1. For the chain, what is the relative contact order in percent, using Cα pairs closer than 8 Å and at least 6 residues apart in sequence?
2. I need to check one value: relative contact order of the stretch 1-68, counting alpha carbon pairs closer than 8 Å and at least 6 residues apart, in percent.
3. Can you tally the net charge around K47? Count Lys and Arg as +1, Asp and Glu as -1, for every other residue whose Cβ sits under 15 Å from the Cβ of K47.
4. Quote to one decimal, in nm, the extra length available between A99 and L55 on full extension: 0.36 nm per residue of separation minus the C-alpha distance between them.
5. Angle, helix 118-127 long axis vs. longest principal axis of the chain, Cα atoms, 0 to 90°, nearest 10?
6. Show that you can apply the helix-only estimate: for the chain, add -39,500 (n - 2.57) for every DSSP H stretch of four or more residues, divide by all residues, and state [θ] at 222 nm to the nearest 500.
7. Please give the helix 51-65 orientation as an angle from the longest Cα principal axis of the chain, in degrees from 0 to 90, rounded to the nearest 10.
8. Need one number: nm distance between label points at R34 and Q91, each 7 Å from Cα along Cα→Cβ, rounded to one decimal.
Amino acid sequence: MKEAKVIKRYQNRKLYDTHESSYVTLDEIAKMIRAGEEIRVIDNKTKNDITAATLTQLLYESERKAKTQPSVNLLKTIIRSGDGSFSGFIQDKMKTELATIEAEAATAATISTPAMSPTAMGAASMMNQ
């Protein structure tokens, strides 16, 4: 597995790529991720892994710059569901979708193997003789 590139975040909010020995922006981190690079963001003072928070910030900044904004109703739905977080909303939706897919698969399996009528069973047994 490819080793994650370590990005340090300093108190002044600057991000430092330890592999390239240079400061980077959120846009540059987004490009790294799109290119398939693994990254890990570490708070330089506490040494805590803040990758998720940094990627959330990246998404927020991307939405802020986007030409179209998510609908207010969608945002309200996200806040109202689960724990009010986007990840909670996605997890709730995934559970619902998975349950729907499993139910559809069970229904499809039942429909694709229907019980044979007595006439069809008789014809099948005649063919096997």
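Read the figures in this text as sums done on the coordinates, not as results from a lab. Worth saying up front: this structure is predicted, and the values here are computed from it rather than measured. Glycine also receives a Cβ, built like all others from the backbone with ideal geometry; neighbour counts cover every protein chain displayed.
1. Values: 93 pairs, mean separation 17.8, N = 129.
Worked out over the chain, it gives 14 percent.
2. Computed over the stretch 1-68, the figure is 29 percent.
3. Numbers: positive: K8, R9, R40, K45; negative: D43, D49.
Computed value for this residue: +2.
4. Details: separation 44, 0.36 × 44 = 15.84 nm, distance 2.89 nm.
Extra length from A99 to L55 when fully extended: 12.9 nm.
5. Once rounded, one gets 80 degrees.
6. Numbers: 5 runs with 70 residues, N = 129.
So the helix-based figure for the chain works out to -17500 deg cm²/dmol.
7. In the chain, helix 51-65 runs at an angle near 90 degrees to the longest axis.
8. With each label placed 7 Å out from Cα toward Cβ, I get 3.0 nm.
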